[in-house]
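**Student:** Provided herewith is a single structure, encoded as C-alpha cells, for subsequent inquiry.
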Amino acid sequence: MNTNPQSFGYAQDGSTIRNPQSFEPVLTRNIHRPDSEKIATYLAHGGYAAVKLALTKTADELIDMVKRSGLRGRGGAGFPAGVKWGFIPKDAAQKFVAVNTDEGEPGTFKDREIVERDPHQVIEGVIIAAYAVGASRAYVYIRGEFFLGVKRWIKAIADAYEHGFLGENILGTGFNLDMSVHRGAGAYICGEETAMLESLEGKRGNPRLKPPYPAQIGLFGLPTLVHNIETLACIPHIILRGPEWFAGIGTAESRGPKIFSVSGHVNRPGNYELPLGITLREIIYEHSGGIRGGRELKAVIPGGASTPMLTADQIDVPMAYETLKAAGSELGTGAIVVLDETTCMVETARRLTKFFAHETCGRCTPCRIGSQRLYETLDRIERGQGTMDDIDRALELADGIDGITFCPMGAMLVNPARSAINHFRAEFEYHIQNKRCSVKI
Amino acid sequence: MTVNLTINGQKIQAETGQTVLQAARAVGIHIPVLCEHPALPPDGACRICLVEIEKQRGLQPACTFPATEGLVISTHSPRVMDSRKFTLELLISDHPLDCMTCEATGDCTLQDLAYEYGVKDSRYQGKQHNYPLDASNPFIQVERNKCILCRRCVRACSHINGVEAISVFYRGFNAYIGFGADGRMQDSSCEFCGSCVAVCPTGALWPKMSIGKGRPWQVEKVDTICSYCGVGCKLSLHIRDNQIIRVEGANGPANHGWTCVKGRFGYDYVHHPDRVLTPRVRRYLLEGVKKPENRESRIENSKGGTNLDSLVSNFWDWVETDWDTALNIVAEKLRTKRDTHGPDSIGVLTSAKCTNEENYLMNKFARQVIGTNNIDHCARL
Ligand SMILES: Cc1cc2nc3c(=O)[nH]c(=O)nc-3n(C[C@H](O)[C@H](O)[C@H](O)COP(=O)(O)O)c2cc1C
Ligand code: SF4
Ligand code: SF4
Ligand code: FES
C-alpha cells in the first residue's frame with residue numbers, strides 16, 4: 001500500500017488544498033496553518049471580525065450586500081444567495097438556517113475540507129445569514145460518514161458559544177442564535193435541501209414537493225434558509241472586503257472565488273481555490289499538473305458526477321455557470337473528474353449510474369425503476385451481453401426520465417450515461433460487437 | 001376567487017387553490033392518475049398525471065400543479081402520451097402481469113391504464129422483485145410484487161385512520177411498503193380498518209375473505225347502512241349467488257366512503273348458521289309458570305298428560321316463537337313492574353348500535369310510555 005501522501009497529491013499536513021501562488025486564497029487562507037480548526041487560530045487571523053461588523057448593519061443592508069456580490073449557491077444549483085435571503089418572510093415569528101454539509105456528490109470533497117479545517121469561517125457565515133434573515137436557530141446537517149467533520153463541528157460550535165458568538169445576546173447586540181449538529185445516515189438524496197429538512201425532522205429522507213420552497217415553509221413548517229457551507233464561507237469575506245471585491249472576481253454571471261475539487265487522472269489531485277471563470281485547461285494542466293504519466297486527456301466531468309461530461313476538445317471552456325451551460329454541462333459543485341485515455345467510458349457510465357440508481361429515494365416511478373433499467377442496460381453492454389438496440393434503449397431511458405421526475409435527481413442521474421453515449425458512442429458499439437473493451441488492453 | 005385556464009383548447013374557470021387536476025375534473029376533462037386519490041393529500045409520486053403546460057420547462061403533474069390564471073394546458077399531447085407510456089412501461093417491467101388470475105382484474109387502475117395506453121409489454125426488461133406473500137393479517141393479504149409504490153396506503157393509514165402502520169422501507173428500486181418496524185403486517189399497529197385496501201389501485205393489498213370469490217363484474221352491488229353502530233356508515237355489499245363476498249365503504253354523509261374493521265370485514269355473521277333469525281323466549285315465560293329457582297328443574301306435567309318435549313326440556317330453555325308473542329311478554333312484564341313498583345323502578349339503557357331515530361324513540365318510550373327519567377346510553381358508560 002502506498003502511504004506517502006505526496007504521491008496522492010496531498011500536502012504534507014494531510015490537507016487536500018493545493019492553491020497556486022498566483023491567486024490569493026480567501027476561503028482556504030487558513031487551512032495550512034497549524035491547528036487551523038481551533039477558535040484561537042481563527043481569532044488570531046482576523047476571525048469573527050465580519051460578525052462584529054455585520055451586527056452593526058441592518059438586515060436589509062446585509063441582504064443588499066450579498067445581492068450585490070453576485071454570490072450564487074455552491075451546493076450545486078447555483079441559485080443567487082442574496083435573492084434567497086430576500087425570499088425569507090420578514091414577519092414570521094420564528095425562522096431557521098439549515099447548513100448543508102451532506103456533500104454526497106461523487107468527486108466533491110471541498111466541504112469536508114472546510115468543516116474539518118476551518119469550521120469557524122462557516123459559523124461566522126451562519127451568524128451573519130441568521131441575523132440578516134431574522135433566524136434564531138441554526139441546524140447543521142452533516143454527512144454521517146464525516147466522523148472528523150462531526151467532531152470539528154461540535155467543538156467549533158461549543159467554542160463559539162464560549163466566546164459569546166453564539167447563544168443569547170451575541171456580542172451585546174441583543175441578537176440570539178442557537179446552533180446544533182445533526183448527523184445524516186448515509187443517503188445521497190438527503191443532500192437535496194427538502195429531503196435534508198425531512199431528515200432533520202426525523203423522517204424518511206424524501207424530497208418534498210416544491211413550491212412551497214424552504215424559504216416559505218421549511219424546517220418544522222417555518223421559513224428556512226438552506227445553504228451549502230462553501231456558500232456560507234463566502235459571507236464573512238463579502239462583509240469584510242465588500243461586495244464589489246467579490247463581484248470583481250469571475251465572469252458576468254459567476255462571481256467570486258470557488259473551490260474546485262480535482263480528482264481522477266491528474267498528477268496533483270486536490271482542492272484548488274481559484275476564481276470562477278478560469279478555464280478547465282488551466283485547472284487541469286497548470287494547477288493540477290496535467291495528466292498523469294503524460295497520457296492523453298479523454299473526458300472531463302466538470303461539476304460533480306451528476307453533470308454531463310465534456311470531451312478533451314472542450315476544455316477551453318471557462319468554469320462558470322453560464323459558459324458550462326452553453327457547453328452542454330453544468331458548474332454543479334465545481335468537482336472536476338479528469339479521465340484519461342485509459343478510461344473505459346462504458347464502465348464509467350455504468351459505475352456512476354449504479355451509484356445514482358442506488359441513491360434515488362424511490363418515490364417517483366421514472367427515477368425509481370428507470371434508473372435501475374438504465375443501469376442494467378449499461379451493465380449488459382459492459383459485460384459484452386448488449387445488443388445495438390441497448391444503446392438506443394439507454395438513450396430512450398435517459399430522455400424519458402429527464403424532466404418528468406419529482407425532484408432534480410432524475411434529471412441528474414441520466415447525465416453520465418447520456419453524455420458518455422453521445423460523446424463516445426463508438427466505444428459502446430465496440431463493446432457490443434466485440435464483447436470486450438476497446439480501451440483495456 | 002376564480003381563475004381562467006385553457007385545457008385542450010377549452011376555456012374553463014377554476015377556484016384558486018385548486019390543482020390543475022381538480023379544475024379539469026370539475027369540468028369533466030379526464031386526466032389519468034395512479035397515486036392521486038381525492039380523499040388523500042397529493043403525493044406526486046407516480047408521474048402518470050403529467051400534462052404539458054405552456055411556458056413550463058418539463059411536463060408537470062396535474063395532481064399537484066396549482067391552477068393559476070392564464071395557464072394553457074394540454075392533457076393528451078404527443079409528448080404527454082409518450083411520457084405516460086414510458087412510465088407505464090417502467091411500472092409493468094417490474095410487475096407480475098398475471099392478470100388472468102389476479103384478484104384485482106377489472107378493479108385495477110394499472111390494468112385500466114395499460115389498456116387505455118396500449119401498453120402490452122415493456123421495452124425495458126430487467127430485474128423483477130420476488131417478495132414473499134404476507135398473509136399474516138386475518139383480513140388483508142399483502143402481495144408486494146404487485147405494489148407500484150403509489151403510497152396511497154401509507155397516506156390512508158396516516159391521514160384517514162391516523163395509525164401510521166404502513167411506511168416505505170429502503171431506497172430506490174429496493175423500496176417497498178412495510179409495516180410497523182418492518183415486520184409482518186399482523187405484528188404492526190394495524191387496526192384492520194382496510195382503508196389501505198380501499199385505496200390500493202392494484203392487487204397488492206386485497207381483502208383475504210374475498211379471494212377467489214368472484215370478479216367485479218360478477219357481483220351485484222347493494223348499498224346499505226352498517227348495522228354495527230350508530231355512526232351509520234354507508235356500505236356497498238358485493239353480492240354473488242346471494243352471498244356477500246366483499247364489503248366496501250360507500251359514499252354516505254356519515255362516512256364519505258370509509259368504514260372501520262367491523263363494517264368492512266365483519267360480515268361473515270350474515271350467512272352464519274348460528275345466526276339467530278327468530279325471537280326466542282325462555283320456556284317458563286312461554287308456559288306462563290313461575291320462574292323456577294333450580295335451573296335443572298323439569299317441567300311438571302301440570303295438565304296431567306304426557307308431554308315428551310316438556311319432560312326432556314328445561315324451564316330455562318330458549319324456545320323459538322313469533323314476534324308478537326315475544327313482545328307481548330315483554331310489554332306485559334314491564335306493565336306489571338310499573339304498576340306494582342312505580343315507573344322509577346324501571347330504567348332504560350339504549351345502545352350505540354341504534355340509530356339516532358331509534359334512540360330518540362327509546363327516550364320517548366321511557367319518559368312518555370313508562371313515565372320515568374331513568375334513561376341512559378351505553379356510550380356514556
Ligand atoms: C439530489 C441532490 C443532492 C444534493 N446534494 C447536496 C449536497 O450534498 N450538499 C449541498 O450543499 N447541496 C446539495 N444539493 C443542493 C441542495 O438541494 C441545495 O440546492 C443547496 O443546499 C442550497 O444551498 P446553496 O444555495 O448554498 O447552494 C443537492 C441537490 C440535489 C437535487
Ligand atoms: S426523482 Fe428520484 S430522488 Fe427525486 S423524488 Fe423521484 S425517486 Fe426520489
Ligand atoms: S400497496 Fe397498493 S396502495 Fe400501497 S403503495 Fe403499493 S400499490 Fe400503492
Ligand atoms: S397522479 Fe399525479 S403524480 Fe401520481
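**Student:** With contacts defined as alpha carbon pairs under 8 Å and 6 or more residues apart, what's the relative contact order of chain A in percent? All intermediate terms of the calculation are to be shown ahead of the outcome.
**Tutor:** On the way: 920 pairs, mean separation 69.3, N = 441.
Value for chain A: 16 percent.
**Student:** Which loop-located trypsin sites (Lys or Arg not before Pro) does the range B:1-95 contain, where loop means any DSSP state but H, G, I, E or B and the Cβ has at most 15 other Cβ atoms within 10 Å?
**Tutor:** Working: sites: B:Lys11, B:Arg25, B:Arg47, B:Lys55, B:Arg57, B:Arg79, B:Arg84, B:Lys85; in loops: B:Arg47, B:Lys55, B:Arg57.
Answer by residue number: B:Lys55, B:Arg57.
**Student:** Now a separate question. With θ set to phi - 60°, apply the Karplus curve 6.51 cos²θ - 1.76 cosθ + 1.60 along the range A:278-289 and write out the HN-Hα couplings as whole Hz, x wherever there is a Gly or Pro.
**Tutor:** Those phi angles translate into 5, 7, 4, 4, 4, 4, 6, 8, 8, 8, 8, x Hz.
**Student:** Over the Cα atoms of chain A, Rg to Rh with Kirkwood Rh, two decimal places? Please report the intermediate quantities before stating the final value.
**Tutor:** Details: Rg = 21.9 Å, Rh = 22.4 Å.
Computed over Cα atoms, the ratio is 0.98.
**Student:** Right, next: If you take every residue apart from B:Met209 with its C-beta less than 11 Å away from the C-beta of B:Met209, what net charge results, scoring Lys and Arg +1 and Asp and Glu -1?
**Tutor:** Numbers: positive: B:Lys208, B:Lys213, B:Arg246, B:Arg264; negative: B:Asp268.
Net local charge, B:Met209 excluded: +3.
**Student:** Now a separate question. With N set to the number of residues, divide the alpha-carbon radius of gyration of the range A:262-366 by 2.2 N^0.38 Å and report two decimals.
**Tutor:** Compactness ratio reported: 1.09.
**Student:** Using 1/(1 + (r/R0)^6) with R0 = 25 angstrom and r between the beta carbons of A:Arg33 and A:Asp178, what's the FRET efficiency to the nearest 0.05?
**Tutor:** On the way: r = 29 Å, r/R0 = 1.15.
For A:Arg33 and A:Asp178, the calculated efficiency is 0.30.
**Student:** Also: Measure out, as a whole number of angstrom, how far apart the alpha-carbon centroids of the range B:65-79 and the range B:193-250 sit.
**Tutor:** Using only Cα atoms, the two centres lie 37 Å from each other.
**Student:** While we're on this one: Give me the net charge of B:Leu237's neighbourhood, meaning all other residues with Cβ under 15 Å from the Cβ of B:Leu237; Lys, Arg count +1, Asp, Glu -1. Intermediate values should be presented prior to the final figure.
**Tutor:** Values: positive: B:Lys213, B:Lys221, B:Lys234, B:Arg240, B:Arg246, B:Lys262, B:Arg264; negative: B:Glu220, B:Asp223, B:Asp241, B:Glu248, B:Asp268.
Within the 15 Å Cβ shell, the charges total +2.
**Student:** Summing Lys, Arg as +1 and Asp, Glu as -1, what charge do residues with Cβ under 13 Å from the Cβ of B:Ser83 carry, B:Ser83 excluded?
**Tutor:** Values: positive: B:Arg47, B:Arg79, B:Arg84, B:Lys85; negative: A:Glu396, A:Asp399, A:Asp402, B:Glu52, B:Asp82, B:Glu89.
Within the 13 Å Cβ shell, the charges total -2.
**Student:** Next question. Suppose every Lys and Arg Cβ carries +1 and every Asp and Glu Cβ carries -1, with no other charges. What dipole size does chain A come out with about its Cα centre, to the nearest 20 debye?
**Tutor:** Roughly 440 debye, rounded to the nearest 20.
**Student:** Continuing with this model, one more query. Once the Cβ-Cβ distance between B:Gln10 and B:Arg215 is put in as r, and R0 is 51 Å, what FRET efficiency do you end up with, to the nearest 0.05? Please list the in-between numbers first.
**Tutor:** Working: r = 36 Å, r/R0 = 0.71.
Efficiency for this residue pair is about 0.90.
**Student:** If you wrap the range A:80-143's Cα atoms in a convex hull and average its projection over all directions, what's the area in nm²?
**Tutor:** Values: hull surface 19.3 nm².
With every direction weighted equally, the projected area is 4.8 nm².
**Student:** Now a separate question. Which of the three applies to the range A:39-247, rounded, prolate or oblate, going by the alpha-carbon gyration tensor with a ≥ b ≥ c and a/c under 1.5 meaning rounded? Don't jump to the answer; show the numbers that get you there.
**Tutor:** On the way: a/c = 1.39, a/b = 1.17, b/c = 1.19.
Since a/c stays below 1.5, the shape of the range A:39-247 is classed as rounded.
**Student:** Given R₀ = 22 Å, what would the calculated FRET efficiency be for A:Thr387 paired with B:Asp82, taking r from the Cβ atoms and rounding to 0.05?
**Tutor:** Working: r = 23 Å, r/R0 = 1.03.
My answer for the efficiency is 0.45.
**Student:** With a 1.4 Å probe and all protein chains left in place, how much accessible area per residue does the range A:345-434 have, in Å²? Walk me through the numbers before you get to the answer.
**Tutor:** Working: 2850 Å² over 90 residues.
Per-residue accessible area for the range A:345-434 comes out at 32 Å².
**Student:** Okay, moving on. Extending each Cα 7 Å along its Cβ direction at B:Arg123 and A:His45, get the distance between those two points in nm, one decimal.
**Tutor:** A separation of 5.6 nm, rounded to one decimal place.
**Student:** Are any of the pairs A:Lys57/A:Lys90; A:Lys151/A:Lys258; A:Lys435/B:Lys127; B:Lys213/B:Lys262; A:Lys203/B:Lys146 more than 18 Å apart by Cα-Cα distance, and if so, which? It would help to have the intermediate numbers written out before the result.
**Tutor:** Values: A:Lys57/A:Lys90 16 Å; A:Lys151/A:Lys258 25 Å; A:Lys435/B:Lys127 22 Å; B:Lys213/B:Lys262 20 Å; A:Lys203/B:Lys146 26 Å.
Checking Cα-Cα distances, A:Lys151/A:Lys258; A:Lys435/B:Lys127; B:Lys213/B:Lys262; A:Lys203/B:Lys146 exceed 18 Å.
**Student:** Another question about this same structure. If amide H atoms are built 1.01 Å from N in the plane of the peptide, which residues on other chains or at least 5 residues away come under 5 Å of the amide H of B:Ala67?
**Tutor:** For B:Ala67, the qualifying residues are B:Gly17, B:Gln18, B:Thr19, B:Val20.
**Student:** Over chain B, what relative contact order in percent results from Cα pairs under 8 Å that are six or more residues apart?
**Tutor:** 9
**Student:** Over the range B:2-76, average the accessible area per residue using a 1.4 Å probe and give it in Å², no decimals. Don't skip to the end; give the middle numbers.
**Tutor:** On the way: 3250 Å² over 75 residues.
Solvent-accessible surface per residue comes out at 43 Å².
**Student:** Put simply, what bits of the range B:33-50 lose 10 Å² or more of accessible area when the other protein chains are there, versus the chain on its own (1.4 Å probe)?
**Tutor:** For the range B:33-50, once contacts with the other chains are taken into account, B:Asp43, B:Gly44, B:Ala45, B:Cys46, B:Arg47, B:Leu50 lose 10 Å² or more.
**Student:** With the Cα gyration tensor of the range B:134-207 giving a ≥ b ≥ c as the square roots of its eigenvalues, does the rule (a/c under 1.5 for rounded; else a/b larger than b/c for prolate; else oblate) give rounded, prolate or oblate?
**Tutor:** Taking the square roots of the gyration eigenvalues as a ≥ b ≥ c, the range B:134-207 is rounded.
**Student:** While we're on this one: Rounded, prolate or oblate: which one fits the protein assembly as shown, using the alpha carbon gyration tensor with axes a ≥ b ≥ c (rounded when a/c is under 1.5, else prolate when a/b beats b/c, else oblate)?
**Tutor:** prolate
**Student:** Going by a 1.4 Å probe on protein heavy atoms, which residues of the range B:153-172 end up with at least 40 Å² less accessible surface in the whole assembly than in their chain alone?
**Tutor:** Correct list: B:Arg171, B:Gly172.
**Student:** For all pairs of alpha-carbon atoms in the range B:144-263, what percent lies in each bin of width 5 Å, listed from the first bin to the last filled one?
**Tutor:** All Cα pairs considered, the percentages come to 2, 11, 18, 22, 19, 14, 9, 3, 1, 0.
**Student:** So what is the calculated 222 nm ellipticity per residue for chain B, using -39500 (n - 2.57) for each DSSP H run with n of 4 or more, over all residues, to the nearest 500 deg cm²/dmol? Please list the in-between numbers first.
**Tutor:** Working: 10 runs with 83 residues, N = 381.
The helix-only estimate for chain B comes to -6000 deg cm²/dmol at 222 nm.
**Student:** Between the DSSP loop rule and a limit of at most 15 other Cβ atoms within 10 Å, which GluC sites (Glu not before Pro) in the range A:304-393 are left?
**Tutor:** Working: sites: A:Glu322, A:Glu330, A:Glu341, A:Glu347, A:Glu359, A:Glu376, A:Glu382; in loops: A:Glu330, A:Glu341.
Qualifying residues, ordered by number: A:Glu341.
**Student:** For a quick size check, give me the Cα extents of the range B:213-275 along its three principal axes, largest first, whole Å.
**Tutor:** Sorted from largest, the Cα extents of the range B:213-275 read 31, 29, 15 Å.
**Student:** Moving to a separate point now. Determine the calculated [θ] at 222 nm for chain A from helices alone, applying -39500 (n - 2.57) to every DSSP H run no shorter than 4 residues and normalising by the residue count; nearest 500 deg cm²/dmol. Walk me through the intermediate numbers first.
**Tutor:** Working: 16 runs with 173 residues, N = 441.
It lands at -12000 deg cm²/dmol.
**Student:** Restricting to Cα pairs below 8 Å that are 6+ residues apart, what does the relative contact order work out to for the range A:256-370? Please round to a whole percent. Mind showing how you got there, number by number?
**Tutor:** Details: 203 pairs, mean separation 29.5, N = 115.
RCO, the range A:256-370: 26 percent.
**Student:** Evaluated at 20 °C with a viscosity of 1.002 mPa s, what Stokes-Einstein diffusion coefficient in µm²/s does the range A:117-225 have when Rh comes from the Kirkwood expression over alpha-carbon pairs?
**Tutor:** Values: Rh = 14.6 Å.
The calculation lands on 146 µm²/s.
**Student:** Roughly how many percent of the accessible protein surface of chain B is carbon and sulfur, given a 1.4 Å probe and a whole-percent answer?
**Tutor:** Numbers: 10840 of 20800 Å².
So the carbon and sulfur contribution to the accessible surface is 52 percent.
**Student:** Let me ask something else about it. Cα extents of chain B along the three principal axes, largest first, in whole Å?
**Tutor:** Taking the Cα atoms of chain B, the three principal extents are 97, 50, 38 Å.
**Student:** Related question: Antiparallel versus total DSSP beta bridges in the protein assembly as shown: what percent is that, nearest 5? Present the calculation step by step, with values, prior to reporting the outcome.
**Tutor:** On the way: 53 of 80 bridges.
Of the beta bridges lying entirely in the protein assembly as shown, close to 65 percent run antiparallel.
**Student:** In addition: Please report the buried accessible area for the interface of B with A, total over both chains, probe 1.4 Å, in Å² to the nearest 100. It would help to have the intermediate numbers written out before the result.
**Tutor:** Values: alone 22030 and 17470 Å², together 37010 Å².
Buried area (both sides, nearest 100 Å²): 2500 Å².
**Student:** Scan chain B and report its longest stretch carrying no chymotrypsin sites (Phe, Trp or Tyr not before Pro) that are both in a DSSP loop and have at most 14 other Cβ atoms within 10 Å.
**Tutor:** Free of exposed loop sites, the longest segment is B:1-169.
**Student:** Compare each residue of the range B:103-144 in its chain alone against the assembly with all protein chains, and report those whose accessible area goes down by 10 Å² or more; 1.4 Å probe, heavy atoms.
**Tutor:** B:Arg123, B:Tyr124, B:Gln125, B:Gly126, B:Lys127
The values are calculated or read from the model by the stated rules, or taken from the named source; none is laboratory data. In this text, all values refer to a predicted model and were calculated from it rather than measured experimentally. Neighbour counts run over all protein chains shown; Cβ positions are idealised from the backbone, glycine included. Side chains included, ligands, DNA and RNA excluded: accessible areas come from the protein's heavy atoms. Shrake-Rupley method; radii C 1.70, N 1.55, O 1.52, S 1.80 Å.
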